[in-house]
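Below: the structure, in structure tokens.
The values are calculated or read from the model by the stated rules, or taken from the named source; none is laboratory data. Worth saying up front: this structure is predicted, and the values here are computed from it rather than measured. Cβ placement follows ideal geometry from the backbone for every residue including glycine, while neighbour counts extend to all protein chains displayed. These area figures cover heavy atoms from the full protein model, side chains too; ligands, DNA and RNA do not enter into them. Shrake-Rupley method; radii C 1.70, N 1.55, O 1.52, S 1.80 Å.
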Amino acid sequence: MNGISNKTAFEDITNYTEETKDKMHASGAALVIIKDNEIVHEWYSGTHHFETGARNIDRSSQFNVYSTRVTYVGLAAAWAVFEGHIDLEDKLSDYFKELDKEILGETTVRHLVTRSTGLKIKNDTVQRVFDSGTNIEGKRPDLLAKIVRKATGKTVNQILTEKVIKPLGWKSTEWATEGKSSLVCDIHSPDSQPSIRIGSNVGDERNLYVNSRELALWGSLHLNKGFMDGKQILPEEVFDLSTTIQSPGEMGENLPKFGLFWWLKDNQVSWDYNELGTDLPEGSYQILGASGCACLVIPRYNAVAVRMYNSLYTYQNKNFDHIEDIQTFGNLVVKELQLSIK
């Protein structure tokens, strides 16, 4: 898959990505767009941090993708469902015996992967915040990773390494356990020192580092339902499960809909907090991480768009609206793709 320089065709989205880098106080950024299984635009800017001597951002730079990683946990879970290890209707109480069974109630794995459990779980305590399936909440991939491990005997990392990463020869997708020069530092605030988040390689922590090309290939793998490099990596059904609406039937029509953590475009959604741009066609899906990294898949245009940043200053920064930003990103991608095919 070769990179193609096409600055004129993708000038607006490139300029916007650069401007956003400055607004969110990121030191580095990257942009990769795939159309019809070819990289049609690739762009890099900035450095791994703001300190003197920082390495320039390039193709080998690995960003911590933060919540973008939830789709990796989701794919491992989708495989486990396909293989019969897990059922989306399994109750959470079947897996978390240490938690109050009465409070967990009828809450299922389906509620967990669609961000609608209504539970607040910390250590061995659980609280009911709202009825399951009636609202949305933050992502809990760590809980899903535990379920996957209990059900299959394998970690998320083991499953993905065996089923995806090794077969495709990816070298820049890893839960980092030690520092190295290709890892891009996190920027926490304008005055903070750069840092790198290191953890275990189990696959349940916030230390998944990926370069821009391999995150784009991750999106492409889903777009092509597992067919890549001339072979079927995983069954199509695994990707159908991951990227089609799995939200429970009782979820209100106006609330966002999810696959296995992927945020799905549903034109009936009218909720203010919606990460998908208004111009994205139905069937599109996206995931966004805290550092600004995002992977957007647009089946209508047979396209994937990935952007990378390294700023964790997006929520505290009063001058930056992350919802407006990610919606604008999606709308601009659609605009550029439409222009490129005229």
Where only alpha carbons of region 109-198 are counted, the Rg and the Dmax (Å)
17.4, 46
Given H placed 1.01 Å from N in the peptide plane, which residues other than close sequence neighbours of T108 have an amide H under 5 Å from its amide H?
L92
At 1.002 mPa s and 20 °C, Stokes diffusion of region 179-221 via Kirkwood alpha-carbon radius, µm² per second:
174 µm²/s
For K166, list the aspartates and glutamates whose Cα falls under 12 Å from its own Cα; do not include residues on the same chain fewer than 8 positions away.
E174
5 angstrom amide H check on I39, placed H, neighbours 5+ away:
N2
Along the charge dipole of the chain, pointing to its positive end and built from +1/-1 on Cβ of Lys, Arg, Asp and Glu, which listed residue (T173, I103, Y315) has its Cα farthest out?
T173
In this structure, among K225/K318; K21/K91; K163/K265; K171/K318, pairs with alpha-carbon gaps over 31 Å are K225/K318; K21/K91; K171/K318
The chain, accessible area per residue, ligands and nucleic acids excluded (1.4 Å, Å²)
42 Å²
Using 7 Å Cα-to-Cβ label points, what is the S181/R128 separation (nm, one decimal)?
5.7 nm
Percent antiparallel among DSSP beta bridges confined to the chain, nearest 5, equals 95 percent
Order 76-83, 160-167 from most to least packed using the mean count of other Cβ atoms within 10 Å.
76-83, 160-167
Per the charge dipole of region 209-274 (beta-carbon charges, Lys/Arg positive, Asp/Glu negative, Cα centre), the residue among Y273, V238, F227 reaching farthest to the positive end is F227
When ranked by the protection proxy of mean other Cβ atoms within 10 Å per residue, highest first, what sequence do the peptides 86-95, 294-303 form?
294-303, 86-95
Relative contact order for region 33-104: what percent, with Cα pairs under 8 Å and sequence separation of 6 or more?
13 percent
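Would you please classify the overall shape of region 19-160 from the alpha carbon gyration tensor, given that a ≥ b ≥ c denote the square roots of the eigenvalues, rounded means a/c under 1.5, and beyond that prolate means a/b larger than b/c while oblate covers the rest?
Prolate.
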Mind giving me the nanometre distance, one decimal, between the label points for N15 and D272, set 7 Å out from Cα along Cα→Cβ?
3.1 nm
Which aspartates and glutamates have a Cα lying under 15 Å from the Cα of K146, excluding residues fewer than 8 positions away in the same chain?
D87, D90, D94, E98, D124, D204, E205
So how do 49-59, 20-30, 324-334 stack up, highest first, on mean other-Cβ count within 10 Å?
20-30, 324-334, 49-59
Based on the Cα coordinates of region 225-313, what is the per residue volume of their convex hull in Å³?
120 Å³
About its Cα centre, what dipole magnitude does the chain give when the only charges are +1 on Lys and Arg Cβ and -1 on Asp and Glu Cβ, stated in debye to the nearest 20?
700 debye
Where does the chain land on Rg/Rh, using Cα atoms and the Kirkwood Rh?
0.95
Just report the Cα centroid separation between region 118-166 and region 170-248, whole Å.
16 Å
Diffusion constant of region 143-264 at 10 °C, which comes from Stokes-Einstein with the Kirkwood Cα-pair radius and 1.306 mPa s, µm²/s
96 µm²/s
